[in-house]
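Written out below as structure tokens is the structure these notes cover.
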Amino acid sequence: MLEKLFKGIFDGEQQQVIGVGIFLLLVGISIVLGLVLALIYACKNKTTKSFTMTLSMLPALVCVVIMMVNGNIGAGVAVAGAFSLIRFRSTPGTAKEIASIFLAMAVGLIMGMGYIGFAVLFTIILGLFMFCLNFIGLKTKGYCKEKTLKITIPEDLNYTEVFDSILTKYTKMYELIHIKTTNLGSLFKLTYNVTIKDEKSEKAMIDELRLRNGNLEIALMRQENKNYDL
């Protein structure tokens, strides 16, 4: 009776069924490896509780999915399509977060195929590598010339060409990418992507822009990768 409980109703007579013991073993080890990856990622990294929980559960989830479709080509293709449709509807993750997610999925995939030793070895190698990178603290050096410039102007100021002469003087390239009204329509907020010619000229550029926009708010920051299309 217990064996029938863990046997699929669509399984054939000759189809190999995964034993309960093997299932629990693979899932248990996947959970342990997921916790190890989550702890390594949390070391020296700013993270949230939800992301840590997701990272720790992901190997076990992928492991179960792979075990269930083992040998079934049609189900495997369907699962691959489902994974390709996954979207994170929260704040876009960093490259490090995405790499950690793929790492957890890879561990779950190896476990689901039944290669326990390879999964443990892979976790140890990549975990130690990630742990070392956290302590090395690789940093990019140098001045970033690609900036995002935000300028607030009054509604009666024609923004189409009012800043062109200043931006041409201090930047190699500039592009108006976003226009937004604020303060009940009495102000406009302009967003430019600019490439600064000389880092020492930033203050001079901002001072000249302040003379044109009536000394309203101006912000210069690292270039944003936002998509303003609907």
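Within the range 96-124, can you find the residues that are touching a residue at least 24 places away in the same chain (Cβ under 8 Å) and of a type outside the set (A, V, I, L, M, F, W, C)?
First pass over the range 96-124, keeping only residues touching a residue at least 24 places away in the same chain (Cβ under 8 Å): 96-97, 100-101, 103-105, 107-109, 111-114, 116, 119-120, 123.
Listed by number, the residues that qualify are Lys96, Glu97, Ser100, Gly108, Gly112, Gly114, Thr123.
Identify all residues within the range 29-66 that are polar (S, T, N, Q) and either over 18 Å from Val120 (Cβ atoms) or not assigned by TED's automatic domain parsing to the domain that holds Ala119 (or both); write none if there are none.
Step one: filter the range 29-66 for residues polar (S, T, N, Q), giving 30, 45, 47-48, 50, 52, 54, 56.
Across the range 29-66, the qualifying residues are Asn45, Thr47, Thr48, Ser50, Thr52, Thr54.
If only one of Ile124, Ile151, Ile110 is modelled with pLDDT of 85 or more, in a helix (DSSP H, G or I) and buried (at least 16 other Cβ atoms within 10 Å of the Cβ), which one is it?
Numbers: Ile124 fails: buried (at least 16 other Cβ atoms within 10 Å of the Cβ); Ile151 fails: in a helix (DSSP H, G or I).
Result: Ile110 is the single residue among Ile124, Ile151, Ile110 that is modelled with pLDDT of 85 or more, in a helix (DSSP H, G or I) and buried (at least 16 other Cβ atoms within 10 Å of the Cβ).
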Original post:
Looking at Thr182, Thr152, Thr195, Thr168, which is the one that is in contact (Cβ under 8 Å) with a residue 60 or more places away in the chain and either out of contact with any Cys (no Cβ under 9 Å at 6 or more places or on another chain) or assigned by TED's automatic domain parsing to the domain that holds Cys43 (or both)?
Top reply: Thr152
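The values are calculated or read from the model by the stated rules, or taken from the named source; none is laboratory data. A quick note: this is a predicted structure, and the numbers were derived from the prediction, not measured. Don't worry about glycine lacking a Cβ; one is built from the backbone with ideal geometry, like all the others, and counts go over all protein chains shown.
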